[in-house]
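Let me begin by presenting the structure, written as structure tokens, before commenting on it.
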Amino acid sequence: MTTTPALSLPAAGAPFERVDLPLRELRDDDILIDIAYAGICHSDIHTGRDEWFPAHYPLTPGHEIAGTVAAVGPGVTRHQVGDRVGVGCLVDSCGECEWCKNGQEMFCTKPAVGTYNAQGYDGEWTAGGYAQRVVVSERFVLRIPDAMGLDVAAPLLCAGITTYSPLRRWGAGPGVKVAVVGVGGLGHMAVKIAAAMGAEVTTISRSNAKAEDALALGARAHLATSAENALSEARGSFDLIVNTVSAELPMDSYLRLLRPNGVMANVGLPMTPYSVFPWGVIGGNKVLTGSQIGGIPETQEMLDFCAEHGLGATIEMLDASDPAAVNDAWDRVVAGDVRYRVVIDTSTISAG
């Protein structure tokens, strides 16, 4: 059996271990990818620590994958050996339901298969990008433009599409005032993308600690909620708010920041319910909505957009020759002590 060096969690709360991860033999439409970089998403942490729902162990996380094609199955037509490619949050879907046919594979009715911690249609559990190789159906392999470094492209496969999708859906562009709540792994990409779309961007966070960073990322202003009357003074200021934080917010106060017909799109996933007074949305015809990721066509569109505008994630590179370094990085992500996405150099996984 073919294997690849990988990092695995044997149980919730356990430290990472270096393992030899089995890889399936190439099917007709499969692509074998040499992974160069794997971004660390907060979703990896929630899943690995059993904070959302029971995880299946051993677990190899990672759905921000960038690398090159090492081999292809006989039926592959979209990619060839040597191509620069990426894999995001999905690795399979039925391909036949209305959502798959519409390029929204994440809503597949079968349902879709996640890149890790998901049971595939063959009954096997998927393993993600904290590894040196991965096998994926070509339908879920994205092309990474030559203008973009693989290291800064990796986080776009989740953080990029998660923020691009609601910005595109709700019309971010010239003349549109956009607020981004949270300047972190998701938020910093929301700022870059919204600014590149031509929107006037304001960042919102608890303090001014990231104010200078926010302006450098493309924001025109920064609002610190710890300042007295900050939220009340900004009432009616924004057409679109993208909330990237996974924490409880005074939702009614944030809805008051919207102009009439404004939209608040939530991409963070807190562990507690939102509390909203109905008048907060009825008054002003406002929309409180959520946004997941995007389908494969929109994800490719996002990558092409970012390449065209010279965008990539702002990253910290991680040497994983000591698996404990990944546990430490997870703790830093939770503490908000990362500028702004940690990316694993997967070549180091077998170097210890």
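Does residue 315 satisfy the condition of being surrounded by 15 or more Cβ atoms within 10 Å (Cβ to Cβ), within 16 Å of the chain's Cα centre (by Cα), in contact (Cβ under 8 Å) with a residue 24 or more places away in the chain and within 22 Å of residue 146 (Cα to Cα)?
yes
Condition check: touching a Ser or Thr at 6+ places or on another chain (Cβ under 6 Å) and more than 20 Å from residue 167 (Cα to Cα). Does residue 270 satisfy that? First the steps, then the outcome.
Values: touching a Ser or Thr at 6+ places or on another chain (Cβ under 6 Å): yes; more than 20 Å from residue 167 (Cα to Cα): yes.
For residue 270, the condition - touching a Ser or Thr at 6+ places or on another chain (Cβ under 6 Å) and more than 20 Å from residue 167 (Cα to Cα) - is met.
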When region 208-239 is examined, which residues are found to be within 13 Å of residue 256 (Cα to Cα), surrounded by fewer than 17 Cβ atoms within 10 Å (Cβ to Cβ) and of a type in the set (D, E, K, R)?
233, 235
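If you take the residues of region 106-153 that are hydroxyl-bearing (Ser, Thr, Tyr) and farther than 19 Å from residue 43 by Cβ, which of them is surrounded by the most Cβ atoms within 10 Å (Cβ to Cβ)?
Of the residues in region 106-153, the ones hydroxyl-bearing (Ser, Thr, Tyr) are 109, 115-116, 121, 126, 130, 137.
In the following step, the residues that additionally are farther than 19 Å from residue 43 by Cβ were identified as 109, 121, 137.
Values: 109: 12, 121: 10, 137: 21.
Among them, the one singled out is 137.
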What number goes with the only condition from (1) assigned by TED's automatic domain parsing to the domain that holds residue 66; (2) under 10 Å from the mean Cα position of the chain (by Cα) that residue 185 does not pass?
(1)
Looking for something among the charged types (D, E, K, R), surrounded by 13 or more Cβ atoms within 10 Å (Cβ to Cβ) and either more than 26 Å from residue 48 (Cβ to Cβ) or in contact with a strand residue (DSSP E or B) (Cβ under 7 Å, 6 or more places away or on another chain) (or both) - is there at least one such residue anywhere in region 321-329?
no
Which condition does residue 162 not pass, out of (1) in a loop (DSSP other than H, G, I, E, B); (2) closer than 17 Å to residue 297 by Cα, if it passes all the others?
(1)
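Is it fair to say residue 215 is in contact with a Phe, Trp or Tyr (Cβ under 9 Å, 6 or more places away or on another chain) and either touching a residue at least 60 places away in the same chain (Cβ under 8 Å) or part of a helix (DSSP H, G or I) (or both)? Can you show your working first?
Working: in contact with a Phe, Trp or Tyr (Cβ under 9 Å, 6 or more places away or on another chain): no; either touching a residue at least 60 places away in the same chain (Cβ under 8 Å) or part of a helix (DSSP H, G or I) (or both): yes.
No.
If you check 65, 35, 45, which single one turns out to be under 24 Å from residue 342 (Cα atoms), of a type in the set (Val, Ile, Thr) and touching a Phe, Trp or Tyr at 6+ places or on another chain (Cβ under 7 Å)? Give the derivation first.
Numbers: 65 fails: touching a Phe, Trp or Tyr at 6+ places or on another chain (Cβ under 7 Å); 35 fails: touching a Phe, Trp or Tyr at 6+ places or on another chain (Cβ under 7 Å).
Only one candidate qualifies: 45.
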Of all residues being within 24 Å of residue 150 (Cβ to Cβ) and in contact with a Phe, Trp or Tyr (Cβ under 7 Å, 6 or more places away or on another chain) in region 83-104, which is surrounded by the most Cβ atoms within 10 Å (Cβ to Cβ)? Just the residue, please.
87
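For region 165-180, give me the residue count where each residue is closer than 24 Å to residue 88 by Cβ, out of contact with any helix residue (DSSP H, G or I) (no Cβ under 7 Å at 6 or more places or on another chain) and not in a loop (DSSP other than H, G, I, E, B). Lay out the reasoning, then the answer.
Initial filter on region 165-180 (closer than 24 Å to residue 88 by Cβ): 165-172, 178, 180.
This time we only want the ones that are out of contact with any helix residue (DSSP H, G or I) (no Cβ under 7 Å at 6 or more places or on another chain), so: 166, 168-171.
Still in the running and not in a loop (DSSP other than H, G, I, E, B): 166, 168-169.
Residues meeting the conditions: 3.
How about region 193-212: which of its residues are in contact with a strand residue (DSSP E or B) (Cβ under 9 Å, 6 or more places away or on another chain) and in a helix (DSSP H, G or I)?
As a first pass, look at region 193-212 and keep what is in contact with a strand residue (DSSP E or B) (Cβ under 9 Å, 6 or more places away or on another chain): 194-195, 197, 199-212.
Matches in region 193-212: 194, 195, 211, 212.
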Residue among 20, 34, 44 that is buried (at least 16 other Cβ atoms within 10 Å of the Cβ) and assigned to a strand (DSSP E or B):
34
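The values are calculated or read from the model by the stated rules, or taken from the named source; none is laboratory data. Computed from a predicted model, the values in this text were never measured in an experiment. We place every Cβ from the backbone using ideal geometry, glycine too, and count neighbours over all the protein chains shown.
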